[in-house]
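Report on the structure given below.
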Amino acid sequence: MGIIYRLLIVDDEEIIVNGLFEIFSTMNNLDLDIYKAYSGREAMDWLNRTRFDIVLTDIRMPEIDGIQLLDEIKRNWPQCRVIFLTGHNEFEYVYKAIQHKNVSYILKTEDPEKVVNEVENTIKDIEKGIKIENLIHKAKEEMNMVQDLLQKDYFIHLIHRDTTLEINKQQFEQLSIPLYSEKPIILLLGHVDNMPANLSYWEKMQYLSSVRFILNQNIKSQTKNVNIMGDNYRFILFIQPKEPYAGDPGQTDMHLYQRTISFLRGTLEIIQASCMESLGASISFAMSGEPCTWDNAAQRYFLLDQSLSGRIGLGMGRLIIDNEYDNSVPTASPILSETDNADKNSMYMLLHQKKLDDFELYLESGQKERYFSALSELMMPTRSTESINNDLAIIAYYKIALSLLSYINRSN
């Protein structure tokens, strides 16, 4: 089976939506995941929840029509293809819309077979962009080794808490970093789960460059980003929203970051599917669910790295979001308190492997009372922690959390 494409069918006439849904549900050769919406408003709700590859929509609907729907699609999912269902007397209405990229139309009076053919052709057009021959060729063209090395060195120092590092506009300009030094970032980590073992170093670099190219091609339309490679061939992306959408100049930073995080959540699924289809590569991602300041980048990287590392071996092609977006853009970094330092000895004791082994034994064997007693004892030293920057508390928390998640996965 190839990539599964998401199709949204929209019309205010239920008989049309249900009819098309039934037709496409029988088309097993198209690998479609099909959704229905009986109004523009319902379609908007779907588009705010998940990405779609194709939207097949009526152009004339009450409240929110197809043109308004197109505007929303272009803002949220610019790679989505739109096929308008239109009548003979509506062509002038749809004419401007079909001047946009990835937009076509078909008359409502056409046979259902014509509609199916249009969707088939749209899928073929999408697939043209993910062929391996073009990926490797373009990846080589885009490689600028000197700039990559300088930027990599800078960001590696950043995530390893180099206090001498300067984070300012002048430094970014000197290194050609296409990001704002004064604005927050979204961190994204990617890991190749099934790196072939028999590749030479050069072949491995070509392989990873192709993965990197797929990443950049899919997110560059909506983001500014820098993509470097860390230890163990792990991709580390520093991401910011692009400039405000021209049709909505009143967007705030909060809206821009919220929209970008939503865009990334859906697009990462496309990237995973494209990497598997083109390279046979399974990619797992860990992403921050909210932006963080540059000063907090090392802390957020540590959390994501621990989270992603803990899932290795539990399955391939994972997508981990560290927490949901909470409608705030952090502007300051919490400070490690004296209480945190005072509790270091307790924290080190918590991390003693024997205690964790006992905790897992009680969990596996169903010894309920001992399990809750051990859990309370393990978590006790973290309760006096007053800062989210306490590394030992973070490690302790994730060791316990990953143990629980591992048990949940094994138990289905």
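The values are calculated or read from the model by the stated rules, or taken from the named source; none is laboratory data. Bear in mind that the values here come from a model prediction, so they are computed numbers and not experimental data. Cβ: placed from backbone, ideal geometry, glycine included. Neighbour counts: every protein chain shown. These area figures cover heavy atoms from the full protein model, side chains too; ligands, DNA and RNA do not enter into them. Shrake-Rupley method; radii C 1.70, N 1.55, O 1.52, S 1.80 Å.
Computed quantities for the displayed model
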quantity: Karplus-derived 3J(HN,Hα), 6.51/-1.76/1.60, for each residue of region 187-193, Hz, glycine and proline x; calculated: 9, 9, 10, x, 9, 7, 6
quantity: Cα-centred dipole magnitude for region 1-65, charges only on beta-carbon of K, R (+1) and D, E (-1), debye, nearest 20; calculated: 280 debye
quantity: Per-peptide average of other Cβ atoms within 10 Å, ordering 12-24, 294-306 highest first; calculated: 294-306, 12-24
quantity: Among the listed pairs Lys74/Lys169; Lys152/Lys399; Lys74/Lys220; Lys74/Lys101; Lys74/Lys242; Lys169/Lys224, those beyond 19 Å (Cα-Cα); calculated: Lys74/Lys169; Lys152/Lys399
quantity: Amide hydrogen neighbours beyond the local backbone of Lys224, cut-off 5 Å, H modeled; calculated: Gln240, Lys242
quantity: List Tyr35, Tyr397, ordered by accessible area with a 1.4 Å probe, largest first; calculated: Tyr397, Tyr35
quantity: Peptides ranked, highest mean first, by Cβ atoms within 10 Å: ranges 259-269, 173-183; calculated: 259-269, 173-183
quantity: Segments 401-412, 49-60 sorted - mean Cβ within 10 Å per residue, highest first; calculated: 49-60, 401-412
